[in-house]
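Colleague: Take this structure first; my questions come after.
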Amino acid sequence: MQVIRKTVKNIPFYACDGFGPGVAHGFSTRIGGVSPAPWDSLNLGACRGDGPANLRENFSRFCAAIGADPNALVKNQQMHSKRVRPVTKADVMPAPETPGEVEADGMITNQPGVALTIFSGDCLPVFLYDPVRRVIAACHAGWRGTAQGIAAQAARQMQEDYGCAPQDILAAIGPGIGPCCFETHADVPDGLRAELGPDAEAFITALPGGEKFQVDLKGANARWLERAGLKPEHIALSAACTACDRTDFWSHRMQGSQRGSMAAIIQMV
């Protein structure tokens, strides 16, 4: 499986080529919307200062491209935690431009038609899909959520709450900051080591001087998923770095808060 760049209806996005036709999904870029600078142009973040009419149109365009329903969105309110909440059609937003209300960094559902929606601007969006039991999950994995294993928590809840077998679960880790650009002080490596143990070392590179480190959050999330029982060949990682490629993406680290937000949406159809 791979995460590949696609263009549909003049909207570029990233998607997993192994998920199959049972699920509509996509990781957005910043291209193809109507928002003016500094949100230019496909801003999907409702709390960035952009206008509601722009958000409605941007969600309409992105959802049309990936085959999802813009009137069935369930959005989270991110907490940089490993909390994963089950959601249903009762949690659907009243309008696409409404800010997220589900206080969790991960959402999970077995109800077709519910469009799980998370946001990013360097943090990693992660999708999980069990085509056998028909269950989906979406997670926002910043460095804290990565260290705590939010992706593995979602996979475990799929198993415990919905009867999913780990060998059936497919995962896609979308565009996010890569180790090439994610330089940190010791707090991030220490957080990974505290939760992931010796496995963390493969994703930490000390830089000259010993005060800073490069950290591979994508690799760490993949390792968490393997520890939750997923097959390595069922885990797809996007190579795209949001900090490197500011043509396709916004980057919180490189641009600060004066920017738009990407979204990742997954919906069983």
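Colleague: Over region 1-58, what is the relative contact order in percent, taking alpha-carbon pairs closer than 8 angstrom and at least six residues apart?
Modeller: That works out to 22 percent.
Colleague: Sticking with this one: Obtain the nm distance between the two label points defined at residue 258 and residue 160 by a simple spin-label model: each point lies 7 Å from its Cα along the Cα-to-C-beta direction.
Modeller: My value for the distance between the label points is 4.5 nm.
Colleague: Roughly how many debye, to the nearest 20, is the charge dipole of the chain about its Cα centre, given +1 on each Lys and Arg Cβ, -1 on each Asp and Glu Cβ, and no other charges?
Modeller: On the way: 25 positive and 27 negative charges, 85 e Å.
Approximately 400 debye in magnitude.
Colleague: Which order do peptides 32-44, 194-206 fall in by mean Cβ count within 10 Å, highest first?
Modeller: Going by the mean number of other Cβ atoms within 10 Å, highest first, we get 32-44, 194-206.
Colleague: 222 nm [θ] for the chain, helices only, -39500 (n - 2.57) per DSSP H run of 4+, per residue, to 500?
Modeller: Theoretical 222 nm ellipticity from helices: -6500 deg cm²/dmol.
Colleague: State, as an integer percentage, the relative contact order of the chain based on alpha-carbon contacts under 8 Å between residues 6 or more apart.
Modeller: Numbers: 684 pairs, mean separation 66.7, N = 269.
Normalised by residue count, the contact order of the chain is 25 percent.
Colleague: Report the label-to-label distance for residue 103 and residue 134 in nanometres (one decimal), using points 7 Å from each Cα along the Cα→Cβ vector.
Modeller: Modelled inter-label distance: 3.3 nm.
Colleague: Take every Cα-Cα pair in region 147-229 and report what % of them are more than 16 Å apart.
Modeller: 54 percent
Colleague: Ignoring ligands, DNA and RNA, please state the percent of accessible area on region 132-269 from carbon and sulfur, probe 1.4 Å.
Modeller: On the way: 2510 of 5320 Å².
C and S fraction of accessible area: 47 percent.
Colleague: Can you tell which of 165, 114, 80 lies farthest toward the positive end of the dipole of the chain, using +1 and -1 charges on the Cβ of basic and acidic side chains (Lys, Arg; Asp, Glu)?
Modeller: The residue sitting farthest along the positive end of the dipole is 114.
Colleague: Scaled to the compact-protein estimate 2.2 N^0.38 Å, what is the alpha-carbon radius of gyration of region 13-108, rounded to two decimal places?
Modeller: Numbers: Rg = 13.7 Å, N = 96, 2.2 N^0.38 = 12.5 Å.
Cα-based Rg divided by the globular estimate yields 1.10.
Colleague: Let me ask something additional. Below 8 Å, C-alpha to C-alpha, sequence gap of six or more: please give me the relative contact order for region 15-111 in percent. Kindly include the intermediate steps, with their values, before the conclusion.
Modeller: On the way: 147 pairs, mean separation 22.3, N = 97.
Relative contact order here is 23 percent.
Colleague: Apply the Karplus parameterisation 6.51 cos²θ - 1.76 cosθ + 1.60, with θ equal to phi minus 60°, to every residue of region 2-8 and state each ³J(HN,Hα) to the nearest whole Hz, in sequence, with x for glycine and proline.
Modeller: 9, 9, 10, 8, 10, 9, 10
Colleague: Separate question: Mind putting a number on the dipole of region 1-149 about its Cα centre? Charges go on the C-beta only, +1 for Lys and Arg and -1 for Asp and Glu, and I need it in Debye to the nearest 20.
Modeller: Details: 15 positive and 12 negative charges, 51 e Å.
The calculation lands at about 240 debye.
Colleague: Of 185, 252, 25, which has the largest mean-square fluctuation in a 10 Å C-alpha GNM of the chain?
Modeller: Result: 185 has the largest fluctuation of those listed.
Colleague: About its Cα centre, what dipole magnitude does region 72-162 give when the only charges are +1 on Lys and Arg Cβ and -1 on Asp and Glu Cβ, stated in debye to the nearest 20?
Modeller: That gives a dipole near 200 debye.
Colleague: Residues of the chain: accessible area per residue at 1.4 Å, in Å²?
Modeller: 38 Å²
Colleague: Pairs to check: 75/212; 9/89; 6/231; 6/212. Give those whose C-alpha atoms are more than 30 Å from each other in this structure.
Modeller: Checking Cα-Cα distances, 75/212; 6/212 exceed 30 Å.
Colleague: Please give the per residue volume of the convex hull enclosing the alpha carbon atoms of the chain, rounded to a whole number of Å³.
Modeller: Value for the chain: 108 Å³ per residue.
Colleague: While we're on this one: Compute the whole-percent fraction of alpha carbon pairs in region 152-196 spaced more than 11 Å apart. Write out the running numbers ahead of the final one.
Modeller: On the way: 753 of 990 pairs.
Summing the P(r) of region 152-196 above 11 Å gives 76 percent of all pairs.
Colleague: Run the reach check for residue 82 against lysines, Cα to Cα strictly under 17 Å, same-chain hits fewer than 8 apart removed. What comes back?
Modeller: The reachable lysines, counting only those whose Cα sits under 17 Å from residue 82, are 218.
Colleague: Oh, and also: Just add up the charged neighbours of residue 179: K/R +1, D/E -1, any other residue whose Cβ is under 10 Å from the Cβ of residue 179.
Modeller: With Lys, Arg at +1 and Asp, Glu at -1, the neighbours total -1.
Colleague: Still on this structure: Pick from 113, 142, 209 the residue whose mean-square fluctuation is largest in a GNM of the chain, springs joining Cα atoms under 10 Å.
Modeller: Judging by the Gaussian network model, the answer is 209.
The values are calculated or read from the model by the stated rules, or taken from the named source; none is laboratory data. Everything numeric here is computed off the predicted structure, so don't read it as measured data. Using ideal geometry, Cβ is built from the backbone for each residue, glycine included, and neighbour counts are taken over all protein chains shown. Calculation scope for accessible area: heavy atoms of the full protein, side chains included, ligands and nucleic acids excluded. Shrake-Rupley method; radii C 1.70, N 1.55, O 1.52, S 1.80 Å.
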